[in-house]
Structures are given as C-alpha cells and as structure tokens.
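These notes concern the structure reproduced below.
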Amino acid sequence: MQISRFAASDTAPRLFHAPLIGSWETKAVVPTVSTFFGIVVRMYYREHGPPHFHADYQGEHASFTFDGETLAGSLRSRTARRLIKKWALARRDALEANWVRARACERLLWIAPLE
C-alpha cells in the first residue's frame, strides 16, 4: 500500500492510504469505504457512469449498483453477491451520499458493515 500525495491545488485529501491504480501519470485514489466478511468495498474519485461501488472478494472484482446488482466484473461466490446486495440495500443512503462526495472530490465517509 502506498501513500498518495496531492498538490495544493487538488481538492482530494492530502494523505490517504490507498492503493494507487493506473499508470504513473494517471494515479487514482481508491478509498475503502467498508469491509465485511472478507469483502472490501471501494469507491473511486471522479467516477463516471451510473452510481456504483466496487467490491473485491478472494481476488475477484466486480462493480455494483446501489441496489446490489452487478454492473461489471464478476464474483463467483453466490454468498458474497448476496451479502453485497443485502449491504447495498441497507446502506443505500450512505452510498448515495458518498457518491456525491466522490464526484466533488471530498473525503469519503466510512459506511457501516453488515453485522
């Protein structure tokens, strides 16, 4: 894991512990917004398309709508997909608020995991 540093003119957080994605010229911060049962949920800054989030589970990656439906990628685990859908439906308001914050390059808030 690397520490991403932004110039004073950027509106993103100064220091954020997150993996760096993309080429050297186009690094993107990918904040983790929740984790539960081995599932890691992230939202990208300056994302496009319909509102969505990304989930990783056991080396697999997929993006999901705020209704928990798969947009791209795949998770083979039916249990993981079921838990993600349950989490997304229960946390839809928080997901929508974070989507607005991400589009504005504001600090994303932690979203409560499933219990």
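The values are calculated or read from the model by the stated rules, or taken from the named source; none is laboratory data. For clarity, every value in this text was computed on a predicted model and none was experimentally measured. Methodologically, a virtual Cβ is constructed for each residue, glycine included, from the backbone with ideal geometry; neighbour enumeration extends over all protein chains shown.
To keep it simple, each residue is scored yes or no on (1) out of contact with any Ser or Thr (no Cβ under 8 Å at 6 or more places or on another chain); (2) assigned to a loop (DSSP other than H, G, I, E, B); (3) modelled with pLDDT of 95 or more.
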| position | (1), (2), (3) |
| --- | --- |
| THR79 | yes, no, yes |
| LEU83 | yes, no, yes |
| TRP87 | no, no, yes |
| CYS105 | no, yes, no |
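Considering only residues that are part of a loop (DSSP other than H, G, I, E, B) and touching a residue at least 24 places away in the same chain (Cβ under 8 Å), which ones fall in region 27-37? Hits for region 27-37 are VAL30, PRO31, PHE37. Checking each residue in region 36-77 for being at negative phi and among the polar types (S, T, N, Q) picks out SER63, THR65, THR70, SER74, SER77.
Looking only at region 36-50, how many residues end up being in contact with a strand residue (DSSP E or B) (Cβ under 7 Å, 6 or more places away or on another chain) and at pLDDT 95 or above? Before the answer, list the steps.
Let us first name the residues in region 36-50 that are in contact with a strand residue (DSSP E or B) (Cβ under 7 Å, 6 or more places away or on another chain), namely 38-45, 50.
Narrowing further to those that are at pLDDT 95 or above: 38-42.
The number of residues fulfilling the criteria is 5.
Taking region 89-103 as the range and being modelled with pLDDT of 95 or more and among the charged types (D, E, K, R) as the test, the residues that pass are ARG91, ARG92, ASP93, GLU96. One residue stands out among those in region 40-99 that are free of Cβ contacts under 8 Å to residues at least 60 places away in the same chain and of a type in the set (Val, Ile, Thr): the one that is surrounded by the most Cβ atoms within 10 Å (Cβ to Cβ), which is ILE84. Looking only at region 71-113, residues that are within 13 Å of TYR57 (Cβ to Cβ) and in contact with a Lys or Arg (Cβ under 7 Å, 6 or more places away or on another chain) come to 1 in all.
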